[in-house]
Amino acid sequence: EQYNDTQNTPDWSKTALRLAVQKGYLTGYTDNTLKASNYITRAESIKALKNLFGIVYNESGVYGPSVDEEALEVKGNVTVSIENVTLKNMIIDGDLYLAEGIGEGDITLDNITVTGETIVKGGGINSIIIKNSSLANLLIIKKDGEIRLVAQGNTIINSTYLYSSAKLQGERLNVNSFGKVEIKKVAPGGTVEFEGNFSSIDVGASADIEVTGTSKIDELNIHKDIESVNLLVSPYSVIDKLNVNSEIDVINRGIILIASGDFARISRYDIKLPVNLQPRTSSGSSAPSTPKYNLSLSANPVDSGIVTGSGTYEEGKSVTITAIANDGYAFVEWKDGDNQITTSSSFNYTTTSENRTLTAYFETIWDFAGGSGTETDPYQVSNAEQLNEVRNHPDKHFIQTADIDLGVTPWNVGEGWEPVGSLSTPFEGVYDGNDFSIEGLYINRSDHPTGYYQGLFGYVNSESTLSNINLVGPFVHGYRYTGTLAGYNTGEISNCLSTNAEVLNEWDFAGGLVGYNSGIISDSSTTAIVKTDDFNAGGLVGTNYNEIRNCNSEANIAPISLSADGYPYQLGGLVGYNSGGLIENSYATGNVTGWETVGGLVGENFNGSVINCYASGDIMGSEEYVGGLIGVNGSASIVKDSYATGTSNGIYCVGGLIGYNGSMIENSYHRTGTVSGSEKIGGLVGDNNGIITKSHAESNVSGSRYVGGLTGYSGYGEILLSYATGTVTASNETAGGLVGSVQNTTINDCYAMGNVSGGSELAGLAGYLSVGTTVTNCYSTGFVNGSSLIGGLIGAKSSSSTVTSSYWDTDSSGIETSADGIGYSTSAMIKSTNSVPIYTDWDFEDIWIIDEGSSYPYLQWQGSENIPYPPSPFAGGSGTETDPYQVSNAGQLNEVRNHLDKHFIQTADIDLTDSVTYGGIQYNGGEGWEPIGNQLDTFRGSYNGNEYIIINLYINRPFNGMDSALFGYLDNSGVISSCSVSGIVNGYEQTGLLVGKNNGTIINSSTIGEVSGSNTVGGFVGSNLNFGVITGSYSEVKVNSTGITVGGFAGLNAGEIEGCHSKGDVQGIKLVGGLVGANTGNIDESFSSGNVSGDTTSSDTDSGGLVGVNSGSIYNSYSLGNVEGYRFVGGLVGRNSTISYDGNISNSYSTGTVTGTAGIGGLIGHNPGIVTSSYWDTDSSGITTSAGGTGYSTSEMHQQTTFIDWNFTDIWNIDEDSSYPYLRNNE
C-alpha cells in the first residue's frame, strides 16, 4: 500500500508482492509506483535477484572487521557459496544463506547478528561454528550427508528448525544456544543428535533422536500422529519432562524425570523407566495438568517452501506462523483443509482446543514446463526458450522432455546461441537430455576474447553433470575453448552425441564435443568436421586432462589453412592433446590432416595412458611426428592393447602406430595401411626412444633413409618380443625388416619377415647397428636386394655393437653373407632340433614356440595369429580345415609330404609325368614317386581331390617298396575324398594305387591302371586296417602279385568297405579275390567283375570271385568274374573261415565260372562258416555244388522271387527276367 498503483494489483499476487517488498527484493520506481502489471525487464530481473542473494562470498577466506573494531553493517542478504569461509563482526540486516556450494566444508560465524533467517544448506561433519552470535531463526535444510552445528560462547538463537538430519552441539550452561528447537522433517533413517543444554525440543516428524554427552533438555515434546520416533538417552544426560503424544521407543540410559501425555505409559522403554513411571512404595496425588493441543504445518507442493510455528500449545495461545518460499516458488495462501485462512505469508494464529493442521500453498515462478529444479523434481525443458532459461539457474537440475530446434530466430542469426555458463558464472547443475535432440545449434564468435568458451554450454564446473544429450547438425565457430556440447568441462559428461557437426576454431582447444576437458567423459561420440588454425584439436576433445572412456569419433580433422603463420599441430581423430589423462576403450575412424604432431587417435600423449583403443583413418602430416594412432607418445606415457589400420604419410618420424615414442608401447600393432615419408619411417614407430614390447607391424613401409618394418630409427630404447612382416623400401639407404638404424638400443627376441630393397646398408633385420646396440635371439627371413653393404641379417655395424644367437634364412633372403649373425636354410630354420642345433640359447618354455618342421619360431604371446610359415609352396590356403592348402600341380602335390597334418584341396588336374621321369623331382633314381607318409610319419590330415584327376603316377620299388602308393600310410585321423588316380605301381608289400596302408577314411575316390607286388596288394589300397573306412569308391586296375593276399580293390580288409567295386583282373598265388584277397572286416553293398586267377599247382589257393578267404562279414554283395585256382575255389568266396574265425555271408551271389582241382563250389569252395540267403548261377558257373548257398539256373537268377528276404526297396534292384540283381548305389 506504500505505492500509488497498488489498487491495480491483482488479488492473487498481492501477498507475494507484499512479501517481496517487505524483504526489499522489489523497490518500485522513482514515481512511487510498482507497475506490477508490466513485464519485468532483464535488468529488473537481475536487480531483483541481486536483492535476493545480496552479497555473495564465493572464495574461501575471512571476511569482516576484527572483533575489536566496529561491527560492519550489511543492508540486505548475504550468501556464502563455498567452503572454508569465516564471517566476523557483522550485523546482517537481512537473511544469511549458507548455500549448497559449501559441500562438506567448514563455515565459522564469529560475532554475527542476523535479523532475518539463517538458512543452512551446506556443511559437513567437521562443523558450522556459530560463536558469540545472535540469530533470529536458524533453518537447517541439507539434502544429503551429515552436518554438525556448534553454538559457542554466548550465542543466542531464538528458534531452530530442522528439515534434515543434523547434530546440534550447544554450550552446557547456555540454554538459549539453539533456542526453541523444532524437528520439521527428517529423511527416513535420518538421525538428529543433541549435545548440550536445550530449553525446548518439539518433534513434529519421524526421526531417530539421540541425546548424547552430559546433556540437559528441559522439555522434549513428541507431537501426535508421528509414525516412528526412536529416542536414545545416553548416560549422564537428563530430560526434565518428556511429553509423549505418539507411541515411541525409548532406550533410556540416563534420566527422564517426568514422562506425560496419552502415550507416556504405553510407549516402550528399554533399560529403565522415567522416574514418575517407576513403581512407588507410597501413593500420592497431584493437580491435573493444563491440556495442550498439536498445531501441525505443511507445505504444498512438498519442498516448495519452509513453514515455521508448529508445536504443542495450550488453548488460546497466540502463535506466529510463517511460510518462506524456496527458490523457484512464490507463496500463495494458508489453508485449513479447504478453507482459506489468509494470503499473508506470516500471521498470528490463536490456538484452539483441538489439534489442527494448516497448509501453506506455493506456486512455481520460473518459466519451465514443470519441475522445481531439485534432483528429485528437475525443471522440465521442452523448447528453445526454456533451454535458454537454464542459464539463469546454473546450479539447478534439468531434464529435457521434447526435441528442441535452435535453428530458428533469434538463435541462428548474428553470433547465435549464447553458451550456458561462463568462467565467472559456470554451469554447476545437472542437465539430462533424456535422449531427445537439440538441432541446429549455431554459434559464430571467432574474435578475442568474446570467442572463448563456446558451445551449448560454455563453462561447466566440477559439480555438474551433462548426460543423454543429442546434438544434431551443430555449427560452432569460436576463438578458444570450442566444442559443440561444451567449450570447457570439469564435470561429468556421459552418453552424449554430436552428429553432423562442424567446429571451427581460431586458436587452441577445439573438439567435436568438448574443447577442453578436465572432467570425465564416457559413452559419448561425434560425427563431425573439426578445423583449426592452430593447435590442440580433436574429433571428440581438443585437450584432455582427465578421463575419456568408451567413446568414439568419426570426425575428420583438418586445418582451416596451412600457412606460414598458421600451421596446426597436436591434432587427433579423438583427442588433440592428452596430458596426464586416461583414454580407454575408445576409437576414431576419421582422417586427420595437419602440419605436425598428428595422430589417428591422439595428436600428442604426454604423461597419459591410451589403453584398448584403435584408429582406422588415414593420417597426413606436412612435417614430422605423424602416427596412425598417436603422433607423439611423450615421456611417462603408455600405449597398451591398441592398434591402427589406416595409412600414415609425412616427412620425418612417421609410424603406422606412433610417429615418435618416448615411453612405453605394449601389445599394440599396425596393419593394413601403408606408411610412407622421408626419414625415420617405421611400420609401427618412426623414431623410438622408449620401450616397444609384444607389438608388431604388418604394413608396407617406404622412405628415403632410416626405414624399418617395425621402427625406422631407435636411439636409447628397447625393442622386445616384437616382430614385423611388411615390405620395406628405402630409396636411399639404411633399411631393415625390423629396424632401419639403431643406436644404444637393446633388441631381444624379435623377428622380421618382410622383403627389403633399396640402396646401401640393407638387411633382413637391421640396416645399421650403431654404437651400444645389442641384438639377441632374433632372426629374419625376408628377401634383401640392394647395391652395397647388404646382409641377410645385418647390413653394417659398429664394432661396439653385438649380435648373439641370431640368424637369417639363406634360402628366402637370397643372401649368403651378413655383417653379423649366422645363416641357415629354410629347412633348418623351421626345426628346433637339427644335426647342428641353432636355437640352443632360446627360451622355448616361456618366450618362443615353433611348429616343428612347419614354421619359423614365433612368440608365445602371438597365439595362433600370424604364425611365420615359410612362403607357401601351395597355390593358396593356410592348411586349416576351413582354409585348406590348394594343390594345383605336381610340385605342390609333392609338398604335401612336408605337411602331413594339414588339410588340402586339389584345384586342377595333375600330370606326374615330368615329376617321375628322369630329371623330375620324384624320379628317385628310377624308383619314381615316394609315397606321402609312412608307418613312422603317417598322413593324418585331409586331401580333397575335388573331382580332379592325378595321372601318370609311377612307382617301381619291387624289393623295398613297403606301403607303395600315392599315399603310403593314411592314419586313423586322415581323410581322402573325391580323389582319382591313374598310373603304374610296382611295389613289394602293402601296395596299392591310392594308399598302401589305410587306417583312416576314404570317400568317393577311384583308381585306374596297373599294380604289382609281392604280398598284400590291391588295385585301390594294399590293406584297409581295423580303423579304415572306404565308401563309394572303385578301382579299374589290373593287379598282379607274386605272393599272397591279393585283391582287385584291397589285398586285405580288416575295416569297413561299403558301396565299392573293382573291375580289373586279379592274379596271385594264394588268398586271391576279385575285390579283397583276405577279409576280416565288413564288406557291404559292393561287387567285383574282374577275373580271378590263383595258383593252380599248389594246395589251398583260397581264390574267390569277390573274396579269397573270409573270416569277417559280407552283406549284399556279388561277383561276376571267372575264378580259377587249385583248392578252395568259389564263385564268391574261396574259403569262408580261418583257423580262428568263421565267416558270415548273407544276401550275396556269384555268376562266374569256377575252375579248380579240389574244394570248389559255385558260391563257396570251403565253408565252416555261416551262409544265409546267398546264391550262384549253376548255368554260367558250370558248377552244381557249393559248400554253401543255393544254386539256381540263369532264368531263375533273373527273377526277384528267387532272392528270399532281400531288400529290393532300398538296396537291390532287378530287371525282371533280363538281369541279375544289381545294387542301387551303382545304378
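Extending 7 Å from the Cα toward the beta-carbon at both GLN1200 and GLU881 defines two label points whose distance is 4.2 nm.
Averaging the sequence gap over all C-alpha pairs within less than 8 Å and six or more residues apart, then dividing by the number of residues, gives the chain a relative contact order of 2 percent. A straight Cα-to-Cα reach below 25 Å connects LYS694 with the lysines LYS640, LYS680, LYS831, residues fewer than 8 places away in its own chain not being considered. Note on the chain: with charges restricted to the Cβ of Lys and Arg (+1) and Asp and Glu (-1), its dipole about the Cα centre is near 2220 debye. Only one residue of THR1201, SER798, SER522 has its Cα farthest out toward the positive end of the dipole of the chain, where Lys and Arg carry +1 and Asp and Glu -1 on Cβ, and that residue is SER522.
Each Lys and Arg contributes +1 and each Asp and Glu -1, all at the Cβ; summed about the Cα centre of segment 963-1223, the dipole is approximately 620 debye. Annotation note: chymotrypsin sites (Phe, Trp or Tyr not before Pro) in segment 1134-1227 located in DSSP loop regions with a Cβ neighbour count of at most 14 within 10 Å are TYR1141, PHE1208. Helix 11-22 axis versus longest C-alpha principal axis of the chain: approximately 80°, rounded to the nearest ten.
In terms of packing, defined here as the mean over residues of other Cβ atoms within 10 angstrom, the peptides 295-301, 687-693, 959-965 line up highest first as 687-693, 959-965, 295-301.
For SER1140 and ASN1207, the difference between the fully extended length at 0.36 nm per residue and the C-alpha to C-alpha distance is 21.0 nm. Assuming charge only on the beta carbon of Lys and Arg (+1) and of Asp and Glu (-1), the dipole of segment 292-364 about its Cα centre is about 200 debye to the nearest 20. The spacing between segment 514-579 and segment 1032-1082, judged by their C-alpha centroids, is 78 Å.
Reducing segment 140-207 and segment 902-932 to their Cα centroids gives an inter-centroid distance of 101 Å.
If I take R0 = 60 Å and measure r between the Cβ atoms of ASP641 and GLU1216 in this structure, what FRET efficiency does the formula 1/(1 + (r/R0)^6) give, to the nearest 0.05? Show your work: numbers first, answer last.
Numbers: r = 76 Å, r/R0 = 1.26.
Efficiency computed from Cβ-Cβ geometry: 0.20.
Projecting each Cα onto the charge dipole of the chain (Lys/Arg +1, Asp/Glu -1 at the beta carbon, about the Cα centre), which of ALA99, TYR63, ASN89 comes out farthest on the positive side? The listed residue farthest towards the positive side: ASN89. Starting from the Cα of TYR923, move 7 Å in the Cα-to-Cβ direction to define the label point; list residues of segment 945-969 whose amide nitrogen is under 16 Å from there. Under 16 Å, as judged by backbone N against the label point of TYR923, lie 954-956 of segment 945-969.
Around the amide H of ILE183, modelled in the peptide plane, lie the amide H atoms of LEU162, ASP202, VAL203, GLY204, all under 5 Å away and 5 or more residues distant in sequence or on another chain. On the basis of the beta-carbon distance and an R0 of 60 Å, THR1097 and ASP841 show a calculated FRET efficiency of 0.30.
The length gained by stretching the chain between ASN550 and THR374 to full extension, at 0.36 nm per residue less their Cα-Cα distance, is 60.4 nm. Straight-line reach from LYS75: taking Cα to Cα under 18 Å and skipping same-chain neighbours fewer than 8 places apart, the lysines in range are LYS23, LYS47, LYS50, LYS88. Compared with the dominant Cα axis of the chain, that is its longest principal axis, helix 42-53 is turned about 80°. In the list (i) 182, 104, 69; (ii) 123, 92, 63; (iii) 146, 88, 62, the label attached to Cα extents along the principal axes in Å as derived from the coordinates here is (iii).
On full extension, the segment bounded by GLU816 and LYS224 gains 202.8 nm, given 0.36 nm per residue less the C-alpha separation. Between GLU865 and ARG897, the simple label model (points 7 Å from Cα in the Cβ direction) yields a spacing of 3.7 nm.
Straight Cα distances below 25 angstrom link LYS241 to the lysines LYS167, LYS180, LYS184, LYS185, LYS216, LYS224, LYS272, LYS292, LYS317, with same-chain residues fewer than 8 positions distant left out. Loop only by DSSP, 14 or fewer other Cβ within 10 Å of the Cβ. Give me the GluC sites (Glu not before Pro) in segment 367-421 that pass, ordered by residue number. Listed in order of number, the matching sites are GLU375. What separates the Cα centres of segment 1192-1227 and segment 805-861 is a distance of 65 Å.
In loop segments of segment 893-981 as defined by DSSP, there are no trypsin sites (Lys or Arg not before Pro) with at most 14 further C-beta atoms inside 10 Å of their C-beta. For the chain, the share of DSSP beta bridges that are antiparallel, to the nearest 5, is 10%.
Farthest toward the positive end of the dipole of segment 533-633, out of GLY631, ALA588, GLY621, is the Cα of ALA588, where the dipole comes from beta carbon charges about the Cα centre.
All of the numbers you see were taken from the coordinates with simple rules; none came from a lab. Since this is a predicted model, take the numbers as computed values, not measurements. With ideal geometry, Cβ positions are generated from the backbone for all residues, glycine too; neighbour counts draw on all protein chains shown.
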